[in-house]
Amino acid sequence: IIIIDKEPNLEDLSQFELYELGIQNLDLELFNEAIKCFNILLKDDPLNYEFYCYRGRAYHGLELFDHALKDYKKSVKINKEYADGYYYMALTEISLVKIDEAIVDFELAAEFGNEKAKSLLKKYFKY
């Protein structure tokens, strides 16, 4: 009987497997593990704005808000119309009590199609 009880070597996984594992870890709030996955993915694809956003969400989960903001800013620098990048940046700005910046980023997220941002603006900021 062979028992395999050690984690897979992340470097041996395909891009797709790493992505799936990163998302799964994010959903399970295994934020450090998610960050490891997205670090490898970003090394191979440094212009993937979605990977920056996912890693930013993991940093946010760890309350590493400055790291999260840095990743969200990279995501929207790469894709200036990336609604989720603005949305999650705004949530992080709320955590940092940067309300004016958050409103601007919620507005951008809503403008580019993020429905959650539209709802938050209506509910809390009377837009």
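If you go through region 24-65 and keep only what is farther than 25 Å from L96 by Cα and in a helix (DSSP H, G or I), you end up with Q24, C37, I40, L41, L42, K43, D44. Among the residues examined, K116 qualifies as charged (D, E, K, R) and either under 24 Å from D27 (Cβ atoms) or touching a Cys at 6+ places or on another chain (Cβ under 9 Å) (or both). Each residue in region 17-38 was checked for being under 24 Å from E93 (Cβ atoms), open to solvent by less than 60 Å² (accessible area, probe 1.4 Å) and either touching a strand residue (DSSP E or B) at 6+ places or on another chain (Cβ under 8 Å) or free of Cβ contacts under 8 Å to residues at least 24 places away in the same chain (or both), and 1 of them qualify.
When N48, N32, N25 are checked against the criterion of being touching a Cys at 6+ places or on another chain (Cβ under 9 Å) and of a type outside the set (A, V, I, L, M), a single residue qualifies: N25. When restricted to residues that are over 11 Å from the mean Cα position of the chain (by Cα) and among the hydrophobic types (A, V, I, L, M, F, W, C), region 32-74 contains 8. The residue that is farthest from N114 (Cα to Cα), counting only those in region 40-98 that are acidic (D, E) and open to solvent by 40 Å² or more (accessible area, probe 1.4 Å), is D44. Pairs linking a residue in region 92-111 that is outside any helix (DSSP H, G or I) to a residue that is modelled with pLDDT of 95 or more, with Cβ atoms under 7 Å and 6 or more positions apart or on different chains, are L96/F65.
The values are calculated or read from the model by the stated rules, or taken from the named source; none is laboratory data. All of these numbers come straight from a predicted model, not from anything done at the bench. With ideal geometry, Cβ positions are generated from the backbone for all residues, glycine too; neighbour counts draw on all protein chains shown. These area figures cover heavy atoms from the full protein model, side chains too; ligands, DNA and RNA do not enter into them. Shrake-Rupley method; radii C 1.70, N 1.55, O 1.52, S 1.80 Å.
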